[in-house]
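Comments concern the structure below.
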Amino acid sequence: MLTSTILTTSWSNTLNSLTTFFGSVFAFNEQSPLLFTQFYFWAFFAIVFALFSLMKSKRLLRNAFLCFVSWFFYYKTSGLSLLILVFVTCSDFLIAKRIYHSPSETHKKLWVALSLMLDLGLLCYFKYAYFFTDLINTLFNLDCRVFNLFAWVGNGFSTSGSFNVDRIVLPVGISFYTFQVISYIMDVYRGDVKKPVDNILDFGFYVSFFPQLVAGPIVRASKFIPQLYKPFFLSRRQMGIAVFWILNGLVKKIVLSDYLAVNFVDRVFDNPLLFTGFENLMALFLYSLQVYADFSGYTDIAIGVAMLMGFYLPQNFNSPYKAPNAGNFWKRWHISLSQWLQNYLYIPLGGNRNASIGTYLLVVMFALLSILFTGSWIVAAVIFAIAIPVMIIAIRNPEKKKKITTNINLMLTMLIGGFWHGASWNFMIWGGLNGIGIVTYKFWRGWSPARRLLMISLAFVAMGTLSFTTHLPVFNLFAVWSGSIWIGTLIRYIYSLTKSEKPFKRLANVWAIAQTFTFITFTRLFFRSGSNLDPATANQEAWNTAKNMVTQIGSKMQASLIPDIIAEYHKVFIVFILGMVIHWLPDRWKRMYRITFAQLPLPIMALCVVAVVFFVYQFITADLQAFIYFQF
């Protein structure tokens, strides 16, 4: 009798333990989403890859399996937001078929419009509800609050009423998969995808493929869908390359990004006024490396994981801090987003040909938003003071009209790109600054050395005068920066007079890269300030952070403390320097050691994997840092 009781108790305890274990495996935990840097993800992927290996030659079964696996992965990352992903998948699957079978162009356009209304409507609701609520309150002096319609509906099906209707939570990765399904709809409409996907699970796999689902790269339908129907193939060398990308991504994320964030960057951005100007300045430069290592690290891992399963994702980064100008930077940074904006926004607006109705509507919209945000008629006066002469020049000079509309379309594209990143004015400012950088360089490169020197001299004198008369930190920064550009421009002008510019080209390229890196770094002040914030309070907090950092950098550099600061944070600065040196290595060197690793004998490759994982483990912090682009 005693033995039977003991066995029953033991069995009950075992059953409870198993129930608890499987409950934790299949339940969503908001505090612990499934991340590439977790052991649990690699255990998950090991099981997925083992099962995938059994069905890799059966295309329909393989795609269906990966679709359901990807949905499970997304559920573990974003909970019931999976329902939104499934809805978008089903609606666009059906709409694409209607577009393909529509008898007329008008019917096709109506179906495209319906798809865009559904997809962008959901994106705007979840991502920009706080932004537009704040705008309405400002415009009409109201006190409206957000209301979570989906939570309210969910409470209707729940006896506990556990969903919070007063808060809207942004589903992880909604911006990425929304742009991906828009790519599919537009490619079907344009005929770039010859025929819509027949099987909804095949389409679900394309939309939700788990390696790139929550942070990209954004996969264009015409490039990825043909891979759905190809047989599995993975050569020995491709396997080695895939493993290299995974290890490379883990090192970037944990050794570079997380270490810099936890030990320096986050501390400064959390309270800039507690740190000197030099520390604030270094936090900006370190953040440039942090955000690159974080996002490109995720992409590297995604590319490697996908490649192991025989699928190929597009390159998303190409050593962006080697860019000699802002335009080239955006051909190297977040390439999939840049190309998406070019194909589905910039070109439809008119591109480099002309202005469209969309161009004028967006100009008016951004002008009104700027006026409403600042509450100042001075902003309106400045906008019209710029817009009216530009319009007159365009009307009177048809040959210049094309150039003007090209730059306007480009600026609008960058503003939309900034707004895509987040519902904060800081993101719009960041996008606008990048647009100004690109447009300014387009004018700059067309000027003679003498004209360049004249224009930068005028800018330097203006900034110096404003700095001297107003003593505002922002003008102090502009004066220093324009002065450094003036020195470089003067040297280049002198070389142009000697007719011996050829030996100067390499040094000029290094100088251009340094100036571009500095410009991009300072635009990141607004990007980082708007990140990691509650949407309800993001605008004010982001603006205060940016303002405080500019104040510290522009007025409280405290040069006497710099040696002590460097000594205190020497490990952080060493990691930063090593990261930048590796980034600036020639591409042929990186290609060489990547191929060398891929061709290693398997036992040696396995030892290298163990060594790298052990090395990375030494840098893991107590709390794993989520990937920065999860919030977008």
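A compact table of results
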item: Extension gain, TYR312 back to ALA567 (0.36 nm per residue minus Cα-Cα distance, nm); result: 87.3 nm
item: Signed unit charges on C-beta, dipole axis of the chain, positive-most listed residue SER338, TRP589, SER57; result: TRP589
item: Neighbourhood charge, 13 Å Cβ-Cβ cut-off, centred on SER529 and excluding it, Lys, Arg +1 and Asp, Glu -1; result: 0
item: Estimated distance in nm for a label pair at GLU105 and HIS471, the labels positioned 7 Å out from Cα along Cα-to-Cβ; result: 6.6 nm
item: Mean ellipticity per residue at 222 nm, deg cm²/dmol - from DSSP H runs of n ≥ 4 across the chain, formula -39500 (n - 2.57); result: -23500 deg cm²/dmol
item: About the Cα centre, charge dipole magnitude for the chain (Lys/Arg +1, Asp/Glu -1 at Cβ), debye; result: 2800 debye
item: Average accessible surface area per residue within the chain, 1.4 Å rolling probe, Å²; result: 50 Å²
item: Sites CYS124 and VAL262, calculated FRET efficiency, Cβ-Cβ separation with R0 30 Å, nearest 0.05; result: 0.35
item: Shape call, segment 80-142: gyration tensor on alpha carbons, a/c limit 1.5; result: oblate
item: Relative frequency of Cα-Cα separations exceeding 50 Å in the chain, percent; result: 15 percent
item: Rounded to 10°, Cα long-axis angle of helix 174-190 versus longest principal axis of the chain; result: 80 degrees
item: Distance violations [Cα-Cα > 19 Å] among LYS109/LYS403; LYS331/LYS442; LYS230/LYS331; LYS252/LYS590; LYS400/LYS505; result: LYS109/LYS403; LYS230/LYS331; LYS400/LYS505
item: Summed side-chain charge close to TRP584 - residues other than TRP584 whose Cβ falls under 12 Å, Lys, Arg +1, Asp, Glu -1; result: +1
item: Extension reserve of the ALA367-LYS58 stretch, reckoned as 0.36 nm per residue once the Cα distance is removed; result: 105.8 nm
item: Of GLN238, PHE317, VAL268, farthest towards positive along the dipole that unit charges on Lys, Arg, Asp, Glu beta carbons give segment 213-318; result: GLN238
item: Residues PHE147 and PHE87, FRET efficiency given R0 of 25 Å [Cβ-Cβ distance, rounded to 0.05]; result: 0.80
item: Whole-Å semi-axes of the ellipsoid equivalent to segment 465-523 (Cα gyration tensor, √5λ, descending); result: 28, 15, 4
item: When segment 217-298 is reduced to its Cα atoms, the Kirkwood hydrodynamic radius in Å; result: 15.4 Å
item: Under 10 Å, Cβ to Cβ, from ASN426 - net charge with Lys/Arg +1 and Asp/Glu -1; result: 0
item: Derived scalar couplings ³J(HN,Hα) [segment 117-134; Karplus, 6.51 cos²θ - 1.76 cosθ + 1.60; whole Hz; x for Gly, Pro]; result: 4, 5, 5, 6, x, 5, 4, 5, 4, 7, 9, 10, 4, 5, 4, 6, 4, 4
item: Pairwise label distance in nanometres, TRP589 with LEU234, each label 7 Å out on the Cα-Cβ vector; result: 3.1 nm
item: Label-point separation in nm, ARG396 to LYS194, each point 7 Å along Cα→Cβ; result: 5.5 nm
item: Rounded FRET efficiency, nearest 0.05, which uses the C-beta distance separating TYR344 from ALA43 and R0 of 41 Å; result: 0.60
item: Solvent-accessible area, 1.4 Å probe, carbon plus sulfur percent, for the chain; result: 69 percent
item: Cα centroid separation, segment 412-480 to segment 56-81 (Å); result: 46 Å
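The values are calculated or read from the model by the stated rules, or taken from the named source; none is laboratory data. In this text, all values refer to a predicted model and were calculated from it rather than measured experimentally. Quick reminder, even Gly has a Cβ in these numbers, built from the backbone with ideal geometry, and neighbours come from all protein chains shown. Remember, those area values only see protein heavy atoms, side chains included, never the ligands or the DNA or RNA. Shrake-Rupley method; radii C 1.70, N 1.55, O 1.52, S 1.80 Å.
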